[in-house]
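Enquirer: Below is a structure I'd like to ask you about.
Just so you know, all these numbers are worked out from the coordinates, no wet-lab data involved. In this text the structure is predicted, and so the values were computed from the model without any measurement. Note that we place each Cβ from the backbone using ideal geometry, even for glycine, and neighbour counts take in every protein chain shown.
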Amino acid sequence: MSSPERIRNVVASIIGILAFGGLFNALAIFHQWYGEAEESISCVFGGGCDTVLSSSYASLFSIPLSVWGIAYYLIILTLVLIFLGRKNIHVIRLLMVGVLCGLAFSLYLFLIQALVLGTFCSSCLLSFADVILMTGLIMGFFKHIVR
């Protein structure tokens, strides 16, 4: 196995692990906030989960952002699995586009929390950090990935 191929496999695998963590986080938000859990979201830090998740920014086209997050992480996981199974360079390029789109949207949501709502949701920040890590991997190994 050549070095670029090995790097692509490792990067895709780590992104898959991060996406699985992001999926778990999005499912937890969905379950706690929109599901049948009676307790409110307990923020690890920031203390603004209730404010953020009950704001008008917590949904897009009347669909909760946690559902969008679940869909996003499932798409990323699917692309990782397809790439690892087929080793098609076009799939990892599509994965790169997906990760970068996730970064752009996560940055937008972070700015909404910081500049509009004035408070942060720890689960939302965890998702933002997850996407930053995925983007860092993609961009850090960009020249090895696109060959």
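Enquirer: Roughly how tilted is helix 65-86, in degrees to the nearest 10 and between 0 and 90, from the longest Cα axis of the chain?
Expert: On a 0 to 90 degree scale, this one is about 10.
Enquirer: In a GNM of the chain with a 10 Å cut-off on Cα contacts, which of Leu115, Leu81, Leu125 has the highest mean-square fluctuation?
Expert: Highest fluctuation of the listed residues: Leu115.
Enquirer: Please work out how much length the chain gains when fully extended from Lys87 to Leu117, using 0.36 nm per residue of separation minus the C-alpha to C-alpha distance, in nm with one decimal. Kindly include the intermediate steps, with their values, before the conclusion.
Expert: Values: separation 30, 0.36 × 30 = 10.80 nm, distance 4.31 nm.
Taking 0.36 nm per residue and subtracting the Cα distance, the gain is 6.5 nm.
Enquirer: Once you place label points 7 Å from the Cα toward the Cβ at Leu94 and Ser13, how far apart are they in nm?
Expert: Result: 2.3 nm between the two label points.
Enquirer: Give the relative contact order (percent, whole number) for the chain; include only Cα pairs under 8 Å separated by 6+ residues. Write out the running numbers ahead of the final one.
Expert: Numbers: 155 pairs, mean separation 56.6, N = 147.
Answer for the chain is 38 percent.
Enquirer: Can you tell me how the range 67-112 classifies by the Cα gyration tensor, rounded, prolate or oblate, using a/c under 1.5 as the rounded cut?
Expert: oblate
Enquirer: With each run of n ≥ 4 DSSP H residues scored as -39500 (n - 2.57), what mean residue ellipticity at 222 nm is computed for the chain after dividing by its residue count and rounding to the nearest 500 deg cm²/dmol?
Expert: Working: 6 runs with 100 residues, N = 147.
It comes out at -22500 deg cm²/dmol, rounded to the nearest 500.
Enquirer: Return one number: the angle in degrees, 0 to 90 and rounded to the nearest 10, between the long axis of the Cα atoms of helix 122-140 and the longest principal axis of the Cα atoms of the chain.
Expert: Computed tilt is about 20 degrees.
Enquirer: Moving to a separate point now. Relative to the longest principal Cα axis of the chain, at what angle does helix 89-111 sit, 0 to 90 degrees, rounded to 10?
Expert: 20
Enquirer: Let me ask something additional. Need the full-extension length gain, Phe61 to Phe141, defined as separation in residues times 0.36 nm minus the C-alpha distance. One decimal, nm.
Expert: That pair, Phe61 and Phe141, stretches by 25.3 nm at full extension.
Enquirer: Report which label in (1) 16.1, 58; (2) 16.4, 52; (3) 15.0, 47 holds the value of Rg and Dmax of the Cα atoms in Å derived from the coordinates of this structure.
Expert: (2)
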